[in-house]
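This report refers to the structure that appears directly beneath it.
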């Protein structure tokens, strides 16, 4: 895992923390106005924390180990 991946995961956990804070503030103050903020940070956290697969190169049906013998 590279530095970029660690930074992305840290940002995702930070966004989840903000979601928890806004939900608790909305519950404590009895105010629904914190819900859009919490929802936005929830989306950001999901984008940051979803694991991405490594990209695979396209082969285009050409095997690099074959030698046609034609030069």
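The values are calculated or read from the model by the stated rules, or taken from the named source; none is laboratory data. Everything numeric here is computed off the predicted structure, so don't read it as measured data. Note that each Cβ is placed from the backbone with ideal geometry, even for glycine, and that neighbours are counted across all protein chains shown.
Only residues that are under 16 Å from residue 52 (Cα atoms) and out of contact with any helix residue (DSSP H, G or I) (no Cβ under 9 Å at 6 or more places or on another chain) were counted across segment 1-35, and they come to 6. Taking the criterion of being at pLDDT 65 or above, within 30 Å of residue 4 (Cα to Cα) and exposed (fewer than 10 other Cβ atoms within 10 Å of the Cβ), would at least one residue in segment 29-50 satisfy it? Among the residues of segment 29-50, at least one is at pLDDT 65 or above, within 30 Å of residue 4 (Cα to Cα) and exposed (fewer than 10 other Cβ atoms within 10 Å of the Cβ), which makes the answer yes.
Taking first residues from segment 1-24 that are at pLDDT below 90 and partners that are surrounded by 11 or more Cβ atoms within 10 Å (Cβ to Cβ), the Cβ contacts under 9 Å between residues at least 6 apart in sequence or on separate chains come to 1/9.
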